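Here is the structure we will look at.
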Amino acid sequence: MARTDGRAGTEEERAAAQAGLPPDALRRLEELEAKGGRGLFTSDLSVNEFLLVKEAGFHPRGLVFGSSIYHIGLQRRSWAKSQELEGLTQAMYTARELAMSRMEAEADVLGADGVVGVRLDVNFYEWGQHSAEFIAIGTAVSATDRGATETGSWRTNDGKPFTSDLSGQDFWTLVRAGYAPLGLVLGTCVYHVAHQALGGALARMSANTELTNFTQSLYEARELAMARMQEEAERLGAEGIVGVQLVERSHFWGSHVIEFLAIGTAVRPLRADHVIATPQMVLTLDS
């Protein structure tokens, strides 16, 4: 599924994205940027993650996030038909992309090369059952050695900060092995699974048999989400996707409407040779 919010990398488009940030956020970020990364930084990394990100050659610049409160409309569906609800799929996709683009805009204000430890959350509030807040949050980082890549930049080909949901430990391992994150890629599919006819349900009550309707519906929905995630990675020019997760949620739609979200970090090689660190034995002192 194509991006719909225009997350492109031109100066004009980045300026437009930054113009949508709250004034207080801009002031906070600009104060951090004025110090050139030498002053106070904020981060949601754990102590171990912080130290490993530093060891990988990156310095935290600040906690960045984006938010989008989105109204998710209703869509008609057939009680007896399994089908993708394309309107809901597009709504869930667009809302996340709006949040991610604002998080990237905050990283741009800091002059960061990327955002690590990205989390995507959805919160529902009392003011409306069909409204939800989509949040993207992570730690913006800058490379201490900008010549470590062949291009001299850790940013994507269109000049945006890279994004990754890898932990600090996985990020360190990835960079040490000669790979760089390109971007957090995702695919989503909201799918309605048809109800069983009453007669068929009663006939199968005492039988052990596969429910082929449910099997095929869930199979197809997952495949649609996976294919869209892979298409995003291909558009970024990635070599592969690591840390893929498949998340299933019904949100407020009920048991027969499910969102399938496929998400992972697209990566590219930094060099032709890759040195994989030898695994080390760790003995815990916990009782």
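The values are calculated or read from the model by the stated rules, or taken from the named source; none is laboratory data. All figures in this text were calculated on a predicted structure; none of them were measured in a lab. Neighbour counts are summed over all protein chains in view; Cβ atoms, including those assigned to glycine, are modelled from backbone coordinates with ideal geometry.
Return yes when V185 is under 30 Å from E84 (Cβ atoms) and in contact with a His (Cβ under 6 Å, 6 or more places away or on another chain) and no when it is not. I'd like the intermediate steps shown before the answer.
Numbers: under 30 Å from E84 (Cβ atoms): yes; in contact with a His (Cβ under 6 Å, 6 or more places away or on another chain): no.
When the stated conditions are applied, V185 does not pass them.
Is there a residue in segment 218-237 that is touching a strand residue (DSSP E or B) at 6+ places or on another chain (Cβ under 9 Å), in contact (Cβ under 8 Å) with a residue 40 or more places away in the chain, not aromatic (F, W, Y) and not in a helix (DSSP H, G or I)?
yes
Tell me whether segment 221-243 contains one or more residues that are β-branched (V, I, T), under 15 Å from the mean Cα position of the chain (by Cα) and over 17 Å from Q83 (Cα atoms).
Among the residues of segment 221-243, at least one is β-branched (V, I, T), under 15 Å from the mean Cα position of the chain (by Cα) and over 17 Å from Q83 (Cα atoms), which makes the answer yes.
Out of the residues in segment 98-149 meeting the condition of being part of a strand (DSSP E or B) and of a type in the set (S, T, Y), tell me which one is modelled with the lowest pLDDT. Quick ask: steps written out before the conclusion?
Initial filter on segment 98-149 (part of a strand (DSSP E or B)): 114-124, 131-143.
Imposing the further condition that a residue be of a type in the set (S, T, Y) reduces the set to 131, 139, 142.
On the way: S131: 83, T139: 95, S142: 92.
This residue is S131.
Step by step: first the residues of segment 54-97, then only those that are among the aliphatic types (A, V, I, L, M), in a loop (DSSP other than H, G, I, E, B) and surrounded by 16 or more Cβ atoms within 10 Å (Cβ to Cβ), then the one that is nearest to the chain's Cα centre (by Cα). Which residue is that? Give the steps one after another, and end with the answer.
Of the residues in segment 54-97, the ones among the aliphatic types (A, V, I, L, M) are 56, 63-64, 69, 72, 74, 80, 85, 88, 91-92, 95.
In the following step, the residues that additionally are in a loop (DSSP other than H, G, I, E, B) were identified as 56, 72, 74, 80, 85.
Going one step further and asking which of them are surrounded by 16 or more Cβ atoms within 10 Å (Cβ to Cβ), we end up with 56, 72, 85.
Numbers: A56: 22, I72: 20, L85: 22 Å.
Result: I72.
For every residue, the table says whether it meets (1) among the charged types (D, E, K, R); (2) within 22 Å of L98 (Cβ to Cβ); (3) modelled with pLDDT of 90 or more; (4) surrounded by fewer than 19 Cβ atoms within 10 Å (Cβ to Cβ).
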| residue | (1), (2), (3), (4) |
| --- | --- |
| V175 | no, no, yes, no |
| G187 | no, yes, yes, no |
| A203 | no, no, no, yes |
| G243 | no, no, yes, yes |
| I276 | no, no, no, yes |
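Just to be sure, is I258 in contact with a helix residue (DSSP H, G or I) (Cβ under 6 Å, 6 or more places away or on another chain) and either under 19 Å from S78 (Cα atoms) or not in a helix (DSSP H, G or I) (or both)?
Numbers: in contact with a helix residue (DSSP H, G or I) (Cβ under 6 Å, 6 or more places away or on another chain): no; either under 19 Å from S78 (Cα atoms) or not in a helix (DSSP H, G or I) (or both): yes.
Answer is no for this residue.
Quick grid of which residues meet (1) surrounded by fewer than 16 Cβ atoms within 10 Å (Cβ to Cβ); (2) at pLDDT 75 or above; (3) touching a Lys or Arg at 6+ places or on another chain (Cβ under 6 Å):
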| site | (1), (2), (3) |
| --- | --- |
| M1 | no, no, yes |
| G6 | yes, no, no |
| K35 | yes, no, no |
| L52 | no, yes, no |
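Of everything in segment 152-172 that's over 22 Å from R235 (Cβ atoms) and assigned to a loop (DSSP other than H, G, I, E, B), which residue is nearest to the chain's Cα centre (by Cα)? Give the derivation first.
Narrowing segment 152-172 to residues over 22 Å from R235 (Cβ atoms): 152, 167-172.
Filter again for assigned to a loop (DSSP other than H, G, I, E, B), leaving 152, 167.
Details: G152: 25, S167: 13 Å.
Top of the filtered list is S167.
Filter segment 222-261 down to the residues that are among the hydrophobic types (A, V, I, L, M, F, W, C) and over 27 Å from F162 (Cβ atoms) and list them by number.
Step one: of segment 222-261, the residues among the hydrophobic types (A, V, I, L, M, F, W, C) are 224-227, 229, 233, 236, 238, 241-242, 244, 246-247, 252-253, 257-258, 260-261.
Within segment 222-261, F252, W253, V257, I258 meet the criteria.
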